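Okay, structure first, notes after.
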Amino acid sequence: MKVLLVLYDGGKAAEEESRLLGTIQNKLGIADWLKEGGHELVATSDKEGEGSEFRKHIVDAEVLITTPFHPGYLTKEVMQTAKNLKLCVTAGVGSDHVDLNAANERNITVAEVSGSNVVSVAEHVMMTILLLVRNYTPAHEQIISGGWDVAPIARHAFDLEGKVVGTVGAGRIGYRVLQRLMPFDCKELLYFDYAPLPEQAAKAINVRRVDSLEDMVAQCDIVTINCPLHEKTKGLFNKELISKMKPGAWLVNTARGAICDAEAVADAVNSGHLGGYGGDVWNNQPASSSHPWRSMKHPLGGGNGMVAHYSGTTLDAQLRYAEGTKTILHNFLTGKAQDPANVIVENGDYVSKAYGKRDTKADERKEEVRTD
Ligand code: NAD
């Protein structure tokens with residue numbers, strides 16, 4: 001069997017740190033195991049364009065493994081060249097880099113390591129909310145550059161206490177963010193999700209469901225996006241929806257960059273309509289050096305909480321998604337059924353309920369508690 005791994009190049013850092021498993025150097029820790037099983041493994045970071053190693057090797061690979069941090073974009077067009085492809089594994093969470101409808105047409109299974117980095121991301125969301133609301137970044141930059149001037153920082157610094165916070169998507173990450181917000185004594189916690197939380201889970205964190213996204217964002221001081229990227233969420237935060245947000249509100253997106261319109265977000269930050277925007281996900285990765293989210297800035301300074309995509313790839317998370325990837329591969333090789341919680345599409349249909357509200361066999365499955 002030929003397995004194609006598309007991972008980022010970890011360079012010297014990955015040579016020195018073997019726990020950087022999601023790199024071409026350390027190959028998710030599965031290289032020897034696959035070799036012993038007589039399988040062929042190709043690992044590459046070269047993924048863009050027709051002449052890339054990704055495009056060359058996808059042609060006869062049976063399994064594609066890629067991370068969302070450096071995704072091999074498996075479009076319908078690329079999939080058509082992948083004659084032997086049976087399984088795509090996302091080493092992490094979020095399989096939008098695969099055209100899932102095209103995978104269904106081709107009967108290709110797409111699986112991910114559900115839950116593997118949800119705490120890692122929820123912690124990053126908390127950090128980003130705090131650094132935006134408290135205006136941390138310009139304060140830190142001022143200190144590093146030798147300055148000391150409190151007023152220009154404090155004029156745009158607030159407390160999280162007493163604010164209204166809402167999440168778009170209250171699945172594994174969204175729920176964990178709400179849980180972590182509880183001790184901050186926010187005025188109210190809200191969520192928008194077509195799938196309601198189990199009653200007990202909602203009660204435990206005192207969160208209120210809002211039926212309309214427009215209504216929710218209009219009530220929030222802080223909005224955090226925690227839903228997958230699919231047809232219904234692509235470009236969801238456009239100029240119109242952002243205009244419905246409270247003036248000075250903060251927007252945090254660690255879900256997927258393409259859920260937001262890049263120019264609309266940058267305009268809203270640069271004009272001061274948004275107090276700030278932060279996260280780690282970009283509409284195309286790696287992001288171009290001229291991407292507007294690199295340079296956007298609130299008129300009072302700060303307001304930019306962007307970093308490269310790493311919230312879900314802490315060393316702790318890498319261990320979990322590497323182990324989970326091996327289990328998915330082992331199941332595939334031995335004909336064992338996959339854990340349904342890890343399956344996005346299989347046998348030509350959606351198994352996951354998280355990639356949009358649609359009429360699928362997933363709807364017939366017993367309601368699962370998604371906050372586990
Ligand atoms: P999950 O499946 O547990 O929860 C997703 C929730 O979003 C579900 O409750 C679903 O009903 C809801 N949803 C789907 N479409 C929606 C819509 N249009 N409006 C409102 N809610 C909607 O997934 P999760 O583990 O919480 O992860 C969520 C997403 O976070 C992933 O799909 C991925 O894109 C992203 N993620 C990012 C990183 C990172 O490193 N930045 C890491 C992990 C996951």
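Out of all the residues in region 226-278, which are acidic (Asp, Glu) and within 10 Å of the ligand (Cβ to nearest atom)?
GLU231, the sole residue that qualifies.
Please go through region 94-116 and give me each residue that is within 16 Å of the ligand (Cβ to nearest atom) and hydrophobic (A, V, I, L, M, F, W, C), ordered by number.
Of everything in region 94-116, those that are within 16 Å of the ligand (Cβ to nearest atom) and hydrophobic (A, V, I, L, M, F, W, C) turn out to be VAL98, LEU100, ALA103, VAL110, ALA111, VAL113.
Just for region 306-345: of the residues that are of a type in the set (Val, Ile, Thr) and touching a Ser or Thr at 6+ places or on another chain (Cβ under 6 Å), which one is most open to solvent (accessible area, probe 1.4 Å)?
Among residues in region 306-345 that are of a type in the set (Val, Ile, Thr) and touching a Ser or Thr at 6+ places or on another chain (Cβ under 6 Å), the one most open to solvent (accessible area, probe 1.4 Å) is THR314.
Output the residues belonging to region 288-304 that are assigned to a loop (DSSP other than H, G, I, E, B), out of contact with any Lys or Arg (no Cβ under 7 Å at 6 or more places or on another chain) and surrounded by 18 or more Cβ atoms within 10 Å (Cβ to Cβ).
Passing the criteria: MET296, HIS298, GLY302.
Of the residues LEU21, LEU64, LEU74, only one is without any contact (Cβ under 8 Å) to a residue 60 or more places away in the chain and buried (at least 24 other Cβ atoms within 10 Å of the Cβ); which?
Testing whether each residue is without any contact (Cβ under 8 Å) to a residue 60 or more places away in the chain and buried (at least 24 other Cβ atoms within 10 Å of the Cβ) leaves just LEU74.
Yes or no, residue by residue, for (1) open to solvent by 60 Å² or more (accessible area, probe 1.4 Å); (2) under 25 Å from the mean Cα position of the chain (by Cα):
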position: TRP148; (1), (2): yes, no
position: ILE153; (1), (2): no, no
position: HIS156; (1), (2): no, no
position: GLY166; (1), (2): no, yes
position: TYR175; (1), (2): no, yes
position: LEU181; (1), (2): no, yes
position: CYS186; (1), (2): no, yes
position: TYR194; (1), (2): yes, yes
position: LEU197; (1), (2): no, yes
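Within region 199-209, which residues are open to solvent by 30 Å² or more (accessible area, probe 1.4 Å) and within 23 Å of the chain's Cα centre (by Cα)?
Selection gives ARG209 alone.
Which residue, of ALA82, ALA91, is at pLDDT 95 or above, within 16 Å of the ligand (Cβ to nearest atom) and not aromatic (Phe, Trp, Tyr)?
ALA91
Of all the residues that make up region 210-221, how many are touching a helix residue (DSSP H, G or I) at 6+ places or on another chain (Cβ under 6 Å) and more than 11 Å from the ligand (Cβ to nearest atom)?
0
List the strands (runs of 3 or more DSSP E) that sit entirely inside region 1-98 and contain at least 1 residues that are under 22 Å from PRO228 (Cβ atoms).
2-6, 63-66, 87-90
The values are calculated or read from the model by the stated rules, or taken from the named source; none is laboratory data. Please read all numbers here as calculations on a predicted model, not as lab measurements. Every residue, glycine among them, receives a Cβ derived from its backbone with ideal geometry; neighbour counts consider all protein chains shown. Accessible surface areas use protein heavy atoms only, side chains included; no ligands, DNA or RNA. Shrake-Rupley method; radii C 1.70, N 1.55, O 1.52, S 1.80 Å.
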